[in-house]
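Below: one structure, written as structure tokens.
The values are calculated or read from the model by the stated rules, or taken from the named source; none is laboratory data. Please read these numbers as outputs of a predicted model, since none were measured by experiment. Methodologically, a virtual Cβ is constructed for each residue, glycine included, from the backbone with ideal geometry; neighbour enumeration extends over all protein chains shown.
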Amino acid sequence: MSNYRGVHDIGGVPAGEVVPSEHDYALWEKRVDAMMVLLSKKGLMTVDELRRNIESLGADAYDEMSYYERWVYAIAQTLIQRGVISIDELGRRISAVQARSDDGT
Amino acid sequence: MTERHQHEQGVPHRHPLRPDQDDTLTYWRAMEIALRELLIEKRLTSADEVRREVEAMDNRSPVDGARVVARAWTDPQYQQLLLMDANAACEALGLERGLYKLIVVENTDQVHNVVVCTLCSCYPRFLLGLPPDWYKSRNYRSRMVNSPREVLREFGTVVPDDVVVRVHDSNADMRYLVLPRRPAGTDDWSEEQLAELVTRDAMIGVTFAAEP
């Protein structure tokens, strides 16, 4: 039965004790959240697109990525699928951001 | 540590000041920056707009939910509205109406309600702010639906056997908030005083309202 479940569909699946974990959200996480809210308000993305892209992650990636890592991935996927940005320009920009950081700037 | 110093055989140099926040640039953080820059360049948003949205989220907290609950405890008519049309009830207090349907479920001496989102993390964010990590955790999402009493005990909450536990599974279009039971011994309390007893966890349903 569990083979027919999506990676996100975990209600009732055996699991361990609930650890009452919390953390203060980092600015980058809040910005991802804000980006999703803004894109929704502007009609550039729906919550269902967010979900579809998160839910189609492989099981390992789903577990290994943190919550807002899954979100930023899903936002990027949606914007590419909609043709708002190209996969190429995103890749180039990520490299540029990383290069800037290596410079210490 | 001295600011300017020399390592063995090195040139004297300053270390960069250690930042308060760990801003290690992971791949995903770089992706967030890249996306934000591209959206700003394409004039689909602006830095200011992003900042304001972050501030708006920072300003949402369980204090808003507590106001709603305290009003319902003191005003039967408002409680009726809250249970019938929770979005309208929020609006009536000058709060956000919310972008999705909100359903408020009332705890009584016969029923204890608790909220989960098995599929992800749906949560009444406009009344409680962002959800705690445990709410989004695999263990909570998996087990709350089939072992609710056990999970509640892990939160230190023991629901008597003769009280029904009702678990509500949220989704993207529909969120739940628990209206906890008003604690005994608060008959002459003001709405503001009562609101102090209403915790986030009580509105999720994993605990009761605080005792006076």
Next on the checklist: Here is a check on your reading of the model: is B:Tyr100 buried (at least 22 other Cβ atoms within 10 Å of the Cβ) and within 14 Å of chain A (Cβ to nearest Cβ)?
Outcome noted: no
Checklist entry - Counting only residues that are closer than 14 Å to B:Leu39 by Cα and small (Gly, Ala, Ser), which one in the range A:61-105 is surrounded by the fewest Cβ atoms within 10 Å (Cβ to Cβ)? => result A:Gly83
Next on the checklist: Given the criterion outside any loop (DSSP other than H, G, I, E, B), aliphatic (A, V, I, L, M) and closer than 17 Å to B:Cys122 by Cα, identify the matching residue among A:Leu79, A:Leu50.
Outcome noted: A:Leu50
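Results for (1) out of contact with any strand residue (DSSP E or B) (no Cβ under 7 Å at 6 or more places or on another chain); (2) within 9 Å of chain A (Cβ to nearest Cβ); (3) over 30 Å from A:Trp28 (Cβ atoms), shown as yes or no for each residue.
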{"position": "B:Ile40", "(1), (2), (3)": "yes, no, no"}
{"position": "B:Met57", "(1), (2), (3)": "yes, yes, no"}
{"position": "B:Ala72", "(1), (2), (3)": "no, no, yes"}
{"position": "B:Asn87", "(1), (2), (3)": "no, no, yes"}
Next on the checklist: Out of A:Ile85, A:Ile94, I need the residue that is facing chain B (nearest Cβ under 10 Å), assigned to a loop (DSSP other than H, G, I, E, B) and modelled with pLDDT of 95 or more. Which one?
Outcome noted: A:Ile85
Checklist entry - Which condition does B:Gln80 not pass, out of (1) out of contact with any Leu (no Cβ under 9 Å at 6 or more places or on another chain); (2) surrounded by fewer than 12 Cβ atoms within 10 Å (Cβ to Cβ), if it passes all the others? => result (2)
Next on the checklist: Please verify whether B:Asp173 is farther than 18 Å from B:Ala209 by Cβ, at the interface with chain A (Cβ under 10 Å from one of its Cβ atoms) and at pLDDT below 95, treating the condition exactly as stated.
Outcome noted: yes
Item to check | the range A:24-39, residues that are aliphatic (A, V, I, L, M) and assigned to a helix (DSSP H, G or I) | outcome: A:Leu27, A:Val32, A:Ala34, A:Met35, A:Met36, A:Val37, A:Leu38, A:Leu39
Checklist entry - Of the residues that make up the range B:173-191, is at least one touching a Ser or Thr at 6+ places or on another chain (Cβ under 9 Å), crowded, with 18+ Cβ neighbours inside 10 Å and aliphatic (A, V, I, L, M)? => result no
